[in-house]
Each structure stands twice: as C-alpha cells, then as structure tokens.
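Participant: Sharing a structure with you now.
The values are calculated or read from the model by the stated rules, or taken from the named source; none is laboratory data. Remember, it's a predicted structure, so these values are computed and weren't measured experimentally. Note: ideal-geometry Cβ built from the backbone for every residue, glycine included; neighbour counts use all protein chains shown. Just so you know, the surface numbers come from the protein's heavy atoms only, side chains and all, with ligands and any DNA or RNA stripped out. Shrake-Rupley method; radii C 1.70, N 1.55, O 1.52, S 1.80 Å.
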Amino acid sequence: MKIGVLALQGSFLEHQAMLQRLGVDTVQVRLPQQLEDLTGLIIPGGESTTIGKLAVDFGLFEPLKQFGKEHAIWGTCAGSIFLSKDAHREQPLLGLMDIQVERNAFGRQVDSFEIDLEIPVLTTVSTEEPVFHSIFIRAPLIESVGKDVETLAALPNGKIVAVRQGHLLATSFHPELTEDTRFHRYFLEVVS
Ligand code: GLN
C-alpha cells in the first residue's frame, strides 16, 4: 500500500506524519506521474480555491479526476470542498462526490472551534468509545448529499461534517491536527 498526499498547499505534512506513524509508505504528490503507483490519496485542508487553481496549473486536474474514479481519496476541509460537485462559487472542483458544500460556514478564522463528535464507524478500527476530538478551522459544512452518500458524523444541530461515498471520504474537520490516528486508520480500511 502506498498513499499519496496532495502537496500543493495546506496541511499535507501533518497528514504525511500521521501516515508515517502508522507505518504507511507515503509520497507528496505534485506531478501527475506521481499518482501512478498509489493505492489512495489524501487531499489536505488549506484553501480550496488555491488548491484547485494549482492543480489546474500543475496539470493534475484531469489525472486527479481519473484517479478518484477507481481509487480511494479522502479530502479534509478544503480537500472536501475540492472533491465536491458544488461549492456555490466559480472555482475548480473535482466533482467526484455527490455533495454540496457551504464554504466558511461557521464564519471567519476567529470562529474556528473544537468539539467532541460521535463517529460510529470508528468502532471498526478501535474498541474505544467512538468519540473523536474534531477541529474546525474556517470549515465548510456539507449542506446536502446525494443518495449514495453515507453520513459518518454530524454536529449536535444535525449539520453534516463527515461523509463516505464508496471509496471516497470527506470531512469538514482536521484529524491530522490531533494525536488520534483512528480516522486515518479508518481511511486505510476504505483503501483496502
Ligand atoms: N476556508 C477554506 C476554504 O474554503 C478551508 C479551510 C481549511 O481547509 N481549514 O477553502
């Protein structure tokens, strides 16, 4: 297994460190040919417009779209926006996931917050209570999801913040900024 981390902008080093902690072979992806021998890919948080524009400039946009048709991809925060089919703005979107997102749904940087969320699927990787410390930084909300999309986590008000569509995952929050490896282990399960 070899997992790439899209390394155009954002928190790719933190994802890579997490994967290394789990003993996974990982590579930073900046060029289309680096996708060739990967089993899965993480698209980090950062700024989705920037990530999208850089993906176009680096000739990665179409290759990423093709890759996601058959391989596992997990987008965190800006990465989840980039995976979506609609973000209510003109920006490059891969459109791989049947989700509509609202960018910066909680307000500005100062409105960032942390909350413990119930994420029942985490029981597939650990016997711990499936409560996960979730960090939201100028995060998007997943406003609406298609019929093939499964909700993995929601806020107490019912707003969706983590979803799975087959081999594709999207989270509004940042598991790579915690010490908790469970969400990364869950992604590895999706990959295999
Ligand atoms: N606000 C960013 C965007 O809309 C996402 C923030 C993040 O990835 N932490 O692209």
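Participant: For segment 71-172, what mean projected area does the convex hull of the alpha carbons give, in nm²?
Facilitator: The number I arrive at for segment 71-172 is 6.6 nm².
Participant: Now a separate question. So what are the three principal axis dimensions of the chain from its Cα atoms, in whole Å, longest to shortest?
Facilitator: For the chain, the Cα spread along each principal axis is 41, 38, 33 Å.
Participant: To continue, here is another question. With a 1.4 Å probe and all protein chains kept in place, how much accessible area does residue 86 have, in Å² rounded to the nearest 10?
Facilitator: 50
Participant: Which three numbers, in whole Å and largest first, are the semi-axes of the equivalent ellipsoid of segment 130-171 derived from its Cα gyration tensor as √(5λ)?
Facilitator: 17, 12, 10
Participant: A further question on this structure: Taking all protein chains in place and a 1.4 Å probe, what share, in percent, of the accessible surface of the chain do carbon and sulfur account for?
Facilitator: On the chain, the fraction of accessible area on carbon and sulfur atoms equals 49 percent.
Participant: Among 122, 33, 83, whose Cα lies farthest out toward the positive end of the dipole of the chain, if unit charges sit on the beta carbon of Lys, Arg (+1) and Asp, Glu (-1)?
Facilitator: 33
Participant: Something else now. Nearest 20 debye, what's the magnitude of the dipole of segment 150-192 about its Cα centre given +1 on Lys and Arg Cβ and -1 on Asp and Glu Cβ?
Facilitator: Roughly 140 debye for segment 150-192.
Participant: Taking the alpha-carbon centroid of each part, what is the distance from segment 133-192 to segment 85-111 in angstrom?
Facilitator: Using only Cα atoms to place each centre, the spacing works out to 14 Å.
Participant: What order do you get for 115-126, 37-48 when each peptide is scored by the mean count of other beta carbon atoms within 10 Å, highest first?
Facilitator: So the order, starting with the most tightly packed, is 37-48, 115-126.
Participant: At a Cα cut-off below 22 Å, give the lysines reachable from residue 2, other chains included and same-chain residues fewer than 8 away excluded.
Facilitator: Cα-Cα hits under 22 Å: 65, 69.
Participant: Can you find, among 44, 136, 183, the residue farthest towards the positive end of the dipole of the chain? Put +1 on the C-beta of Lys and Arg, -1 on that of Asp and Glu.
Facilitator: Towards the positive end, the residue furthest out is 44.
Participant: Considering only protein heavy atoms, what per residue accessible area in square angstrom results for the chain with a 1.4 angstrom probe?
Facilitator: It amounts to 44 Å² per residue over the chain.
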